[in-house]
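The values are calculated or read from the model by the stated rules, or taken from the named source; none is laboratory data. Just so you know, these numbers come straight off a predicted model, no measurement behind them. Don't worry about glycine lacking a Cβ; one is built from the backbone with ideal geometry, like all the others, and counts go over all protein chains shown. The accessibility values were calculated without ligands, DNA or RNA, using every heavy atom of the protein model including side chains. Shrake-Rupley method; radii C 1.70, N 1.55, O 1.52, S 1.80 Å.
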Amino acid sequence: MNTKKVTITDVAKEAGLSIATVSRVINHARNVDPESEKAIRKAMQKLGYVPAVKKQKFSVMALIVPSLENHFFSSVVEGVMRQANQAGCHVALYSANGSAEQEVRCLVQASSLGVSSLLFCPLSDTSSLVLANLFPPDFPLLIVYRRDYLKGASHIYYNNVEGGYLAAKYLLRGNHRHIAFFASFWQRPSESIEQMLAYLDQQNRGSYSSLDRLEGYRRALSEFSLPLDPSLICMTGYDFSSGYATAKEFLSRLRDFDAVICCNDAVAAGVLQALDEQHIAVPQQVSILGYDDSFLSEIARPSLSSIHQDPHMLGEKAFEQLEDIIGGKRCKDTILQPSLKIRSSSRMREIP
């Protein structure tokens, strides 16, 4: 029986390539020719070569998201994991399951595990003090998809004010004047619409993406000299059933409206269902806008106009930014810009 240990030199000889090229493949370098990498992987498999496990820059990174059932955040996780797999990084993944109490437990568990870095997407502002108490000021962490959440921390997020503004401005230019806004929350900031609207002028607004989008909606209305009408605002969740139930309740108010802005595509799909059951034609009578530009926007009937965000890219950039923080770099906040995708659920209204 041959017990000779296979070395990197043996792999290089078998593949017909240099030791340096083999080393770059083993260490996941990005500047390797695909054919060369294929030959090296084949040689490693043939010879039974297993690279020695090297100590990583950080042993275990924690990633905490509001919910893995939400398509946007599951896609963010995919983006993070793509980069983590390339870097050979171990990731401890936690889901708050839409619960503030569970989110606190996730933070405590990550701290108890002794993770060496953290990517954290809070579901509201309720855990900011817990986070500051569990991790020291110099701990490598990055706040994902929230702004101004933790003083002194680095953040990466989409410009939700701009997203809400784009949605409302598009509808206003299409002659819509009674635009309902369905604000989605994991953890509601208040029980009443009036109290929620007061949050628009508070410092912690950035902890709620829907409040930033609502501020963009308010700014667009102001440009058209229209007031923010509380009777057109609803609080809802982030799934189909909550969008459906909220639309049914809103219809029961008998409030005139000609458009609805939703804070994700699943909610918009629920609104479409509720309107269809009442024989309210979209977009002939009411225009609908979703948010995220997810797969639902294309398969819904009619297809959904939506605000585009790229959650995979957000996850990838978040991982890269955290790597920079771990490397000792002082990172400014990264702000990504949304865009508008127009489909069949919206149209220009004729002026009577």
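Looking at the range 24-48, which of its residues are surrounded by 16 or more Cβ atoms within 10 Å (Cβ to Cβ) and either modelled with pLDDT of 80 or more or farther than 30 Å from residue 323 by Cα (or both)?
Of everything in the range 24-48, those that are surrounded by 16 or more Cβ atoms within 10 Å (Cβ to Cβ) and either modelled with pLDDT of 80 or more or farther than 30 Å from residue 323 by Cα (or both) turn out to be 25, 36, 37, 39, 40, 43, 44.
Could you please tell me which pairs satisfy a Cβ distance under 6 Å, a separation of 6+ or placement on different chains, a first residue in the range 92-108 that is under 20 Å from residue 208 (Cβ atoms), and a second residue that is open to solvent by 50 Å² or more (accessible area, probe 1.4 Å)?
Listed by first residue and then by second, the contacts come to 95/68; 98/186; 100/126; 100/187; 107/134.
Just the residues that are of a type in the set (Val, Ile, Thr), assigned to a helix (DSSP H, G or I) and crowded, with 18+ Cβ neighbours inside 10 Å, please, taken from the range 127-169.
Within the range 127-169, 161 is the sole residue that qualifies.
Just wondering, is there one or more residues in the range 242-256 that are touching a residue at least 12 places away in the same chain (Cβ under 8 Å), open to solvent by 30 Å² or more (accessible area, probe 1.4 Å) and hydroxyl-bearing (Ser, Thr, Tyr)?
For the range 242-256, residues touching a residue at least 12 places away in the same chain (Cβ under 8 Å), open to solvent by 30 Å² or more (accessible area, probe 1.4 Å) and hydroxyl-bearing (Ser, Thr, Tyr): present.
Condition first: loosely packed, with under 15 Cβ neighbours inside 10 Å and assigned to a loop (DSSP other than H, G, I, E, B). Now tell me which residues in the range 257-279 satisfy that.
Passing the criteria: 278, 279.
For the range 286-333, which residues satisfy the criterion of being in a helix (DSSP H, G or I) and touching a Pro at 6+ places or on another chain (Cβ under 7 Å)?
Within the range 286-333, 322, 325, 326 qualify.
Which of the residues belonging to the range 292-302 are free of Cβ contacts under 8 Å to residues at least 60 places away in the same chain, open to solvent by 30 Å² or more (accessible area, probe 1.4 Å) and within 26 Å of residue 314 (Cα to Cα)?
Matches in the range 292-302: 298, 299.
Which one of these is under 17 Å from residue 179 (Cβ atoms), surrounded by 18 or more Cβ atoms within 10 Å (Cβ to Cβ) and touching a helix residue (DSSP H, G or I) at 6+ places or on another chain (Cβ under 9 Å): 289, 314?
Just a single option satisfies the conditions, and that option is 289.
To keep it simple, each residue is scored yes or no on (1) more than 26 Å from residue 309 (Cα to Cα); (2) part of a helix (DSSP H, G or I).
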{"position": "189", "(1), (2)": "no, no"}
{"position": "195", "(1), (2)": "yes, yes"}
{"position": "200", "(1), (2)": "no, yes"}
{"position": "217", "(1), (2)": "no, yes"}
{"position": "220", "(1), (2)": "no, yes"}
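Go through the range 86-97 residue by residue and tally those that are farther than 10 Å from residue 319 by Cβ and modelled with pLDDT under 95.
Selection size over the range 86-97: 2.
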